[in-house]
1. Determine, yes or no, whether B:GLY154 is crowded, with 24+ Cβ neighbours inside 10 Å and on the phi > 0 side of the Ramachandran plot.
2. Does B:SER62 meet the test of being touching a residue at least 12 places away in the same chain (Cβ under 8 Å), surrounded by 22 or more Cβ atoms within 10 Å (Cβ to Cβ) and not hydrophobic (A, V, I, L, M, F, W, C)?
3. Within region A:263-273, does at least one residue satisfy the condition of being more than 20 Å from the chain's Cα centre (by Cα) and facing chain B (nearest Cβ under 10 Å)?
4. Would you kindly identify the strands (runs of 3 or more DSSP E) lying entirely within region A:47-161 that contain at least 2 residues that are within 14 Å of chain B (Cβ to nearest Cβ)?
5. Can you tell me which residue in region A:213-240 is nearest to A:ASN166 (Cα to Cα), limited to those that are among the small types (Gly, Ala, Ser) and free of Cβ contacts under 8 Å to residues at least 60 places away in the same chain?
6. Any chance region A:225-238 includes a residue that's surrounded by fewer than 24 Cβ atoms within 10 Å (Cβ to Cβ) and farther than 30 Å from A:VAL145 by Cα?
7. Testing A:GLY144 on (1) surrounded by fewer than 24 Cβ atoms within 10 Å (Cβ to Cβ); (2) under 22 Å from A:ARG77 (Cβ atoms), one condition comes back false. Which one is that?
8. Run down B:ASP75, B:ASP112, B:ASP8 and say which single residue is surrounded by fewer than 22 Cβ atoms within 10 Å (Cβ to Cβ) and acidic (Asp, Glu).
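The values are calculated or read from the model by the stated rules, or taken from the named source; none is laboratory data. What you are looking at is a predicted structure, and each value in this text was computed from that prediction instead of being measured. Glycine gets a Cβ as well: all are built from the backbone with ideal geometry, and neighbour counts include every protein chain shown.
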Protein chains: 2
Amino acid sequence: MRSFIAIDLGGSNTRLGLVAGGELLVHRMLDTRTEQGPGPWLERVAAACKELKAEAAVRGISVAGMGLASPGVLDHRRGVVLSSPNLRAWEGFPLRRKLEDAVGLACVMDNDANLYALGEYRFGAGRGERDMALFTLGTGVGGGVILAGRLLHGGLGLGGELGHINVEPGGRICGCGARGCLEAYASATALRGMLCEEINAGVHTRLGFDDGVKKMDRAARQGDPLALELFQRAGWALGRAINNLVAVTGVGLVVIGGGVARGWDLMAESCHRELAACLHLVPLEKLRLVPSALQEDAPLLGAAELARRRCEQETRNPPPDGGEDLE
Amino acid sequence: MRSFIAIDLGGSNTRLGLVAGGELLVHRMLDTRTEQGPGPWLERVAAACKELKAEAAVRGISVAGMGLASPGVLDHRRGVVLSSPNLRAWEGFPLRRKLEDAVGLACVMDNDANLYALGEYRFGAGRGERDMALFTLGTGVGGGVILAGRLLHGGLGLGGELGHINVEPGGRICGCGARGCLEAYASATALRGMLCEEINAGVHTRLGFDDGVKKMDRAARQGDPLALELFQRAGWALGRAINNLVAVTGVGLVVIGGGVARGWDLMAESCHRELAACLHLVPLEKLRLVPSALQEDAPLLGAAELARRRCEQETRNPPPDGGEDLE
């Protein structure tokens with residue numbers, strides 16, 4: 001049996017895992033310690049990879065490659081982070097090459113939400129489907145789109161940046177600097193921001209300024225009208241974004257993941273209502289919206305899947321230019 | 001040399017051509033006569049195809065297949081129009097199979113805007129590029145998206161329906177029934193509708209109720225403020241749509257075609273201004289917006305290109321299920 005090392009680089013934590021046959025056999029968690037920059041991070045990651053390789057040897061399986069999930073806009077062919085608000089020190093750092101040198105394994109790399117989508121597509125809610133799109137409603141809103149097995153990647157170094165679909169022109173300000181992006185309504189950050197604004201405006205709620213999405217979720221279920229309204233607002237924004245996603249791609253299966261999506265049942269009705277208002281191209285019942293099946297394991301499984309695909313491709317024909325046809 | 005017959009089925013006219021090496025060698029035009037339905041149309045198209053085959057024989061070239069461009073939402077694998085407002089009688093008709101039987105050639109089929117995009121990608125403004133998207137601003141607004149050489153097609157039987165990206169929630173009513181689609185601002189129909197509304201509201205213009213896009217274009221160039229404003233409004237809507245297109249696909253080259261786009265220089269500034277306001281994911285100068293190079297020949301060249309690809313694929317390996325990997 002062949003296994004792969006998967007790494008999910010995040011702004012707070014880095015998760016690592018040993019994956020074989022779509023299963024996460026072992027995993028490790030490290031503090032990313034962004035303030036130290038990528039050098040020290042690389043050393044700790046390399047040490048953890050060494051442990052995972054030893055673990056694989058104990059189990060009698062080989063490690064055939066590595067897959068890395070990173071936030072931000074990437075040049076996934078060169079293996080470099082172009083821009084990532086939470087990992088400024090990583091921008092321009094030759095991440096893939098350095099990892100390959102340090103660990104001694106070939107590495108592939110993609111955006112974390114894209115790899116979340118790929119994991120979910122192969123082993124979760126998208127299993128056996130031809131097409132699938134994913135929204136990750138977390139601190140920010142990410143996404144990935146897979147058509148006929150291939151992740152969408154345009155020439156601009158991004159693809160599936162579904163959090164920046166505009167849902168309300170001139171609306172709430174987004175972390176990217178624009179107004180009215182989905183992320184400004186359906187991320188955990190946005191929900192907290194809207195909560196504070198409503199409290200400041202004197203709206204009655206049992207929640208306080210410091211309450212996060214988990215508490216909002218609980219309050220909504222216990223009948224707090226403001227908490228419920230904020231989830232409905234996120235659902236409404238998601239409906240508008242899905243309409244635009246469908247117009248561009250024609251995708252028929254949409255998976256909703258990330259921490260905010262634990263409240264999917266609170267958002268589903270307003271999401272469907274908004275979709276019914278704006279999506280007239282196809283009968284609405286053809287479009288399936290489902291919650292994520294794998295949650296935080298999905299990016300690791302996706303990273304390993306990407307590494308597996310690369311291996312298969314290299315077995316069939318050597319790469320001409322760094323993996324043009326990989327996705 | 002191998003050639004292909006290309007057919008562009010439209011609500012008013014049907015164009016046919018003989019294409020070899022990306023060149024339109026001969027072409028014919030027929031009235032579609034939608035009121036008669038697809039049966040009589042098929043007979044006349046078959047007769048025209050016979051002429052094109054004879055023309056190919058005279059030139060000493062073989063005809064290897066057919067490509068058909070059709071408006072509407074299609075099942076492009078089964079070769080059936082699912083829904084098309086201007087071709088109601090064609091809906092559900094086994095178009096591809098009937099054409100193959102009548103002409104005696106294998107036929108591939110896709111949406112006309114997708115094939116416009118494919119033609120432009122291979123032989124026009126997208127030549128030599130990896131990725132490209134196209135907007136056709138005509139009676140309606142269509143589109144096509146090509147990433148790494150492949151046309152986007154989702155499982156819903158559509159893809160690249162860029163005219164139905166929502167640009168103004170709650171805005172002008174669109175032909176599809178929704179409010180605020182790009183098509184409700186940037187199609188010839190929308191420009192004429194907005195013109196009538198403004199005249200009714202008492203806005204001064206040299207234009208009249210019956211004037212079309214050509215006259216509006218001329219009036220705008222001669223300083224008519226309303227005509228200019230309407231093109232700018234179309235440009236503004238296009239900017240918003242491009243922002244969403246880029247978020248979903250990351251495409252870096254956008255081609256603007258169709259009759260309204262002859263006034264592209266009148267729209268470009270407002271389009272860029274709106275893009276600057278809402279697109280913060282990548283530096284704006286990385287995104288290229290260019291006018292169509294091929295205009296009405298593009299769908300025919302694209303249909304022939306699709307037929308050529310099918311031929312090549314069948315030479316490599318016989319189709320498992322009607323062309324799963326064609327695009």
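1. So B:GLY154 fails the test.
2. For B:SER62, the condition - touching a residue at least 12 places away in the same chain (Cβ under 8 Å), surrounded by 22 or more Cβ atoms within 10 Å (Cβ to Cβ) and not hydrophobic (A, V, I, L, M, F, W, C) - is not met.
3. no
4. Qualifying strands (runs of 3 or more DSSP E): A:73-75, A:80-83, A:107-111, A:132-137, A:141-147.
5. My answer is A:GLY239.
6. The answer is yes, given that some residue of region A:225-238 is surrounded by fewer than 24 Cβ atoms within 10 Å (Cβ to Cβ) and farther than 30 Å from A:VAL145 by Cα.
7. All conditions pass for A:GLY144, except number (1).
8. B:ASP75
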